[in-house]
Amino acid sequence: MVAAIALLSGCGTSAGDFVSRSGSGFVRDGQPFRFVGFNYFDAAASDIYSCAPQARLSDDDLTALLRTAHDTAGATVLRFWAYQPYTDGGRDFTGIDRVLTAAKKADMLVIPVLEDGPGYCTTGETGMSKAEYMDDQWYTTGYREKFGSARLSYRDYAKVLTEHYADDPTILAWMMVNEAETSRRVDGDRTALLPFAQDVASVIRSVDTHHLLTLGTQSNGAPGTSGPDFAALYGDPSSDFAEVHDWAYYGADDQALPGSQDGRLPDPASGQCQQRSARIACSFAIAQQARQAPRGGRGRHQGDRRRRPHAPRRAGSAPRPTPTSRRAQTATSSGT
């Protein structure tokens, strides 16, 4: 399940067909915008690249899938990968274009994701997370360099892709990374993801002033994104809304809201929520507290509930899947 709640308040800056923020809500065409989200990671597969070729859909089948999700489950937003392999390093946008065409036919918007934190469907060694790159330095220096077989650095690619689609209202928002996480700390004992997000946001907003933007995290105990780090990341203007994932790798498949008690959110000032390994219930509690505050930065909170089987294991962890085991799933978002 995906559930959206306001994180921090702010003023909407876009109008017309583009989704913007107004106070603590999403707005489109001057009206409150609430959506149902649908994940299909390999939607942009084409002759250029497919991460799961055995499950690749034709243009017609992709359109049919989105129409079914829209008509039967009420899906209005598709989230998908837009990593460098899908565009030949920003030189061929055929795969992205076909997703936008299908989304328009199905009356849906999209959230393209620019890079993969866990290390699948991208330019590095398959399954090598960004946190494992050069002693966890990808989010400090690595993103400014070419990664693996990449034609461009992540930073340059983010600019090329977002500039290319800056005027397309089919895009609801850009997501910088799928499941960003790091144990790297920087000046002032801050998570390294904060200056990373600030820098990337400045690059994207220099060429695209229309679309919303978010970092993209699990925030369910993942390092660098939970508890006080969650508050710092999504209390910063670099993100317009927040994303969390509720699944077994950091959470629990047998508990609806890890860290809660009988469905009740913990006190955001409690000891458990001040831990950097705080569970997803603390992320919601922090978001709720910020939403009720009279002043603050920007943002909304989006959660993602997914079950992912057949994963390679890390020591002491629940399974983490390869993308080929991830299935297109529907999820509901709400917010006021």
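All of the numbers you see were taken from the coordinates with simple rules; none came from a lab. Please read these numbers as outputs of a predicted model, since none were measured by experiment. Here the Cβ positions follow ideal geometry from the backbone for every residue, glycine too, while neighbour counts run over all protein chains shown.
One table, with the values for the structure above:
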{"read-out": "Length gained when the stretch D254-D29 is fully extended (0.36 nm per residue, less Cα-Cα span)", "value": "77.0 nm"}
{"read-out": "Mean shadow area of the range 65-211, taken as a quarter of the surface of its Cα convex hull (nm²)", "value": "9.1"}
{"read-out": "Proximal lysines to K146, defined as alpha-carbon separation beneath 30 angstrom and excluding residues fewer than eight positions away on the same chain", "value": "K130, K159"}
{"read-out": "Computed over the range 56-150, Cα set: Rg, Dmax in Å", "value": "15.8, 46"}
{"read-out": "S277 versus T170: modelled label distance in nm, points set 7 Å from Cα along the beta carbon direction", "value": "4.4"}
{"read-out": "For the range 73-126: relative contact order, % (alpha-carbon pairs under 8 angstrom, 6 or more apart)", "value": "47"}
{"read-out": "Distance (nanometres) between label positions extended 7 Å along Cα→Cβ at S153 and D199", "value": "0.7"}
{"read-out": "If the convex hull is drawn through the Cα atoms of the range 21-108, its volume per residue in Å³", "value": "112"}
{"read-out": "Distance (nanometres) between label positions extended 7 Å along Cα→Cβ at E125 and K105", "value": "4.1"}
{"read-out": "Size descriptor, Kirkwood hydrodynamic radius, that averages inverse alpha-carbon separations across the range 168-298, Å", "value": "15.1"}
